[in-house]
Amino acid sequence: MFLPLRLGSTPFPISALIAGLVNAALVWAALHWTSSPRLAALPLWSWLLTVALMTLGGPGDDIIFGGTGVMEYAALLLLVLGTLPPAAVLWVAVKKT
(Lines give C-alpha, C1' and ligand atoms only; values in the text may rest on other atoms or scores of the structure.)
Protein backbone atom coordinates (compact mmCIF):
# COMPACT_ATOMS: atom_id res chain seq x y z
CA MET A 1 0.00 0.00 0.00
CA PHE A 2 1.08 3.55 -0.52
CA LEU A 3 0.30 4.80 2.96
CA PRO A 4 4.01 5.24 3.75
CA LEU A 5 4.59 7.37 0.61
CA ARG A 6 6.59 10.48 1.44
CA LEU A 7 6.86 13.93 -0.05
CA GLY A 8 10.30 14.94 1.08
CA SER A 9 10.43 13.96 4.73
CA THR A 10 6.68 14.29 5.33
CA PRO A 11 4.45 11.19 5.13
CA PHE A 12 1.72 11.64 2.51
CA PRO A 13 -1.23 9.19 2.70
CA ILE A 14 -2.06 9.03 -1.01
CA SER A 15 -3.92 5.71 -0.76
CA ALA A 16 -6.15 7.05 2.01
CA LEU A 17 -7.06 10.07 -0.11
CA ILE A 18 -7.72 7.90 -3.16
CA ALA A 19 -9.85 5.52 -1.08
CA GLY A 20 -12.04 8.40 0.08
CA LEU A 21 -12.52 9.75 -3.43
CA VAL A 22 -13.26 6.35 -4.97
CA ASN A 23 -15.66 5.41 -2.16
CA ALA A 24 -17.48 8.74 -2.54
CA ALA A 25 -17.77 8.17 -6.29
CA LEU A 26 -19.11 4.64 -5.77
CA VAL A 27 -21.70 5.81 -3.26
CA TRP A 28 -22.69 8.69 -5.55
CA ALA A 29 -23.14 6.26 -8.46
CA ALA A 30 -25.14 3.89 -6.26
CA LEU A 31 -27.43 6.76 -5.27
CA HIS A 32 -28.19 7.30 -8.96
CA TRP A 33 -29.15 3.64 -9.36
CA THR A 34 -31.35 3.33 -6.28
CA SER A 35 -33.47 5.62 -4.15
CA SER A 36 -32.58 3.76 -0.95
CA PRO A 37 -29.66 5.22 1.02
CA ARG A 38 -29.19 1.82 2.67
CA LEU A 39 -28.51 0.15 -0.67
CA ALA A 40 -26.38 3.05 -1.80
CA ALA A 41 -24.19 2.57 1.28
CA LEU A 42 -23.24 -0.97 0.26
CA PRO A 43 -19.96 0.09 -1.40
CA LEU A 44 -18.96 1.84 1.81
CA TRP A 45 -19.88 -1.13 4.02
CA SER A 46 -18.04 -3.58 1.78
CA TRP A 47 -14.92 -1.38 1.84
CA LEU A 48 -15.10 -1.13 5.64
CA LEU A 49 -15.39 -4.91 5.93
CA THR A 50 -12.39 -5.36 3.64
CA VAL A 51 -10.25 -2.94 5.66
CA ALA A 52 -11.37 -4.60 8.90
CA LEU A 53 -10.32 -8.00 7.58
CA MET A 54 -6.96 -6.58 6.50
CA THR A 55 -6.24 -5.54 10.09
CA LEU A 56 -6.24 -9.19 11.18
CA GLY A 57 -3.07 -11.23 11.05
CA GLY A 58 -2.60 -13.72 8.24
CA PRO A 59 -1.63 -17.39 8.44
CA GLY A 60 1.99 -16.53 9.23
CA ASP A 61 0.96 -13.69 11.54
CA ASP A 62 1.78 -11.24 8.78
CA ILE A 63 0.20 -7.82 9.16
CA ILE A 64 -0.59 -5.22 6.54
CA PHE A 65 -0.94 -2.23 8.83
CA GLY A 66 1.80 -1.38 11.25
CA GLY A 67 5.04 0.43 11.65
CA THR A 68 6.72 2.93 13.85
CA GLY A 69 6.18 6.62 14.33
CA VAL A 70 3.43 8.08 12.18
CA MET A 71 2.80 4.72 10.52
CA GLU A 72 1.30 3.44 13.77
CA TYR A 73 -1.75 5.51 12.87
CA ALA A 74 -1.93 4.46 9.20
CA ALA A 75 -4.96 2.20 9.65
CA LEU A 76 -6.85 4.90 11.54
CA LEU A 77 -5.99 7.46 8.89
CA LEU A 78 -7.13 5.09 6.13
CA LEU A 79 -10.42 4.48 7.93
CA VAL A 80 -11.11 8.16 8.55
CA LEU A 81 -10.14 9.45 5.11
CA GLY A 82 -11.79 6.52 3.36
CA THR A 83 -15.07 6.81 5.26
CA LEU A 84 -15.77 10.53 5.68
CA PRO A 85 -16.26 11.51 1.99
CA PRO A 86 -18.78 8.74 1.17
CA ALA A 87 -20.52 9.34 4.49
CA ALA A 88 -20.85 13.01 3.55
CA VAL A 89 -22.32 12.04 0.16
CA LEU A 90 -24.86 9.82 1.93
CA TRP A 91 -25.62 12.53 4.50
CA VAL A 92 -26.39 15.08 1.78
CA ALA A 93 -28.57 12.57 -0.07
CA VAL A 94 -30.57 11.76 3.06
CA LYS A 95 -31.02 15.45 3.90
CA LYS A 96 -32.41 16.15 0.42
CA THR A 97 -35.19 13.59 0.85
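The values are calculated or read from the model by the stated rules, or taken from the named source; none is laboratory data. Predicted model only: the values in this text are computed from it and were never measured. Cβ placement follows ideal geometry from the backbone for every residue including glycine, while neighbour counts extend to all protein chains displayed.
Confirm whether Ala29 is more than 28 Å from Arg6 (Cα to Cα) and of a type in the set (A, V, I, L, M, F, W, C). Against the criterion (more than 28 Å from Arg6 (Cα to Cα) and of a type in the set (A, V, I, L, M, F, W, C)), Ala29 qualifies. Scanning the stretch 69-97 for residues that are within 24 Å of His32 (Cβ to Cβ), among the aliphatic types (A, V, I, L, M) and crowded, with 17+ Cβ neighbours inside 10 Å turns up Leu81, Val89, Leu90, Ala93. Within the stretch 55-68, identify whether any single residue is surrounded by fewer than 14 Cβ atoms within 10 Å (Cβ to Cβ), of a type in the set (Gly, Ala, Ser) and within 18 Å of the chain's Cα centre (by Cα), and answer yes or no. Yes - at least one qualifying residue is present in the stretch 55-68. Pairs are defined by a Cβ separation below 8 Å, a sequence spacing of at least 6 or placement on different chains, a first member in the stretch 86-97 that is within 15 Å of Leu21 (Cβ to Cβ), and a second member that is loosely packed, with under 12 Cβ neighbours inside 10 Å and among the β-branched types (Val, Ile, Thr); no pair meets this definition.
Table: residues versus (1) within 30 Å of Thr97 (Cα to Cα); (2) in contact with a Ser or Thr (Cβ under 7 Å, 6 or more places away or on another chain); (3) at pLDDT below 95.
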| site | (1), (2), (3) |
| --- | --- |
| Pro11 | no, no, yes |
| Ile14 | no, no, yes |
| Leu26 | yes, no, no |
| His32 | yes, no, no |
| Pro37 | yes, no, yes |
| Trp45 | yes, no, no |
| Thr55 | no, no, yes |
| Thr68 | no, no, yes |
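In the condition set (1) without any contact (Cβ under 8 Å) to a residue 24 or more places away in the chain; (2) within 19 Å of Ala29 (Cβ to Cβ), Gly82 is compliant with all but (1).
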